[in-house]
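Structure first, then comments.
The values are calculated or read from the model by the stated rules, or taken from the named source; none is laboratory data. Owing to the predicted nature of the structure, the values given are computational and were not obtained by experimental measurement. All Cβ positions, even for glycine, are placed from backbone atoms using ideal geometry, and neighbour counts span all protein chains on display.
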Amino acid sequence: MSGKKRYPVRIPRFAAGIRAQESRTGGGRSWWAREWTRRLEAMGLRGRLGRGKSYALSGQVTALEIAGNRVRAKVQGTRPAPYAVTLDFRAPDDATHTRLVAALRREPMTVARLLADDLPTEVEEVFKAEGFDLFPGGKLGPGRYDMTTACSCPDYANPCKHTSAVLLILGEEVARRPMTLLELRGILPEELCG
């Protein structure tokens, strides 16, 4: 008998929430959808992403709200009340924000493509030139990322499977509407059009 502790299998309660679609085919075909998934995997979430994917596919994410660089969600687990998940994405300071917006506005075709739900690779280059990461998972130091996560579940791991489910559903929103990536960094569409 091995010394590993065994935990009982727990099945989450039924929830008729947001069901992942793209996750069935590996996160979409766009380069930015693939990059979103690659970045999450690079954060060492592989096991948690697998369990989170099951939650995302079965509709366990019952609410999702994006407000600036904060995402709030509810995820139904095994307990009667859904867990509260919060994701906070690091936004650039005011000076960096101003330079990013100015650099993007100098390229009207890039802005037009963004507003038409396309993400030119030049946008990521603009962020890199400012030393800022467009996608989640940018390192700020050992074990520190440019995104913080919290969940009300009792799991010791952070991010947990509930947070991973929210990240996957959020990734589908990014796949459909890549402007979401900029909004998570505090840059709004109206700032690019002025």
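Quick notes
- Of all the criteria given as (1) at pLDDT 95 or above; (2) hydrophobic (A, V, I, L, M, F, W, C); (3) part of a helix (DSSP H, G or I); (4) surrounded by 15 or more Cβ atoms within 10 Å (Cβ to Cβ), the one not satisfied by Ala102 is (4).
- Some residue of segment 106-114 being under 19 Å from the mean Cα position of the chain (by Cα) and in contact (Cβ under 8 Å) with a residue 12 or more places away in the chain: yes
- Output for segment 177-194, where each listed residue is over 13 Å from Arg113 (Cα atoms), out of contact with any strand residue (DSSP E or B) (no Cβ under 8 Å at 6 or more places or on another chain) and assigned to a helix (DSSP H, G or I): Leu181, Leu182, Glu190, Glu191
- Some residue of segment 158-167 being surrounded by fewer than 20 Cβ atoms within 10 Å (Cβ to Cβ) and of a type outside the set (A, V, I, L, M, F, W, C): yes
- Unmet criterion (only one of (1) within 20 Å of Leu45 (Cβ to Cβ); (2) at pLDDT below 95) for Thr180: (2)
- Which numbered condition Asn69 fails, given (1) touching a Phe, Trp or Tyr at 6+ places or on another chain (Cβ under 9 Å); (2) over 19 Å from Gly138 (Cβ atoms); (3) not small (Gly, Ala, Ser): (2)
- Residue check, Leu134 in a loop (DSSP other than H, G, I, E, B), within 21 Å of Met43 (Cα to Cα) and touching a residue at least 12 places away in the same chain (Cβ under 8 Å): yes
- Taking segment 22-38 as the range and being assigned to a helix (DSSP H, G or I) and either touching a Gly at 6+ places or on another chain (Cβ under 6 Å) or at pLDDT 85 or above (or both) as the test, the residues that pass are Glu22, Trp31, Trp32, Ala33, Arg34, Glu35, Trp36, Thr37, Arg38.
- Residue list for segment 142-176, filter: of a type in the set (Lys, Arg) and either touching a residue at least 40 places away in the same chain (Cβ under 8 Å) or outside any strand (DSSP E or B) (or both): Lys161, Arg176
- Sole exception among (1) of a type in the set (Ser, Thr, Tyr); (2) surrounded by fewer than 19 Cβ atoms within 10 Å (Cβ to Cβ); (3) more than 16 Å from Glu35 (Cβ to Cβ) for Thr121, by number: (3)
- In segment 89-99, the qualifying residues are those that are more than 21 Å from the chain's Cα centre (by Cα) and closer than 13 Å to Ile187 by Cβ, and the one that is surrounded by the fewest Cβ atoms within 10 Å (Cβ to Cβ) is Asp94.
- Flag if Asp117 is in a loop (DSSP other than H, G, I, E, B), free of Cβ contacts under 8 Å to residues at least 24 places away in the same chain and not aromatic (Phe, Trp, Tyr): no
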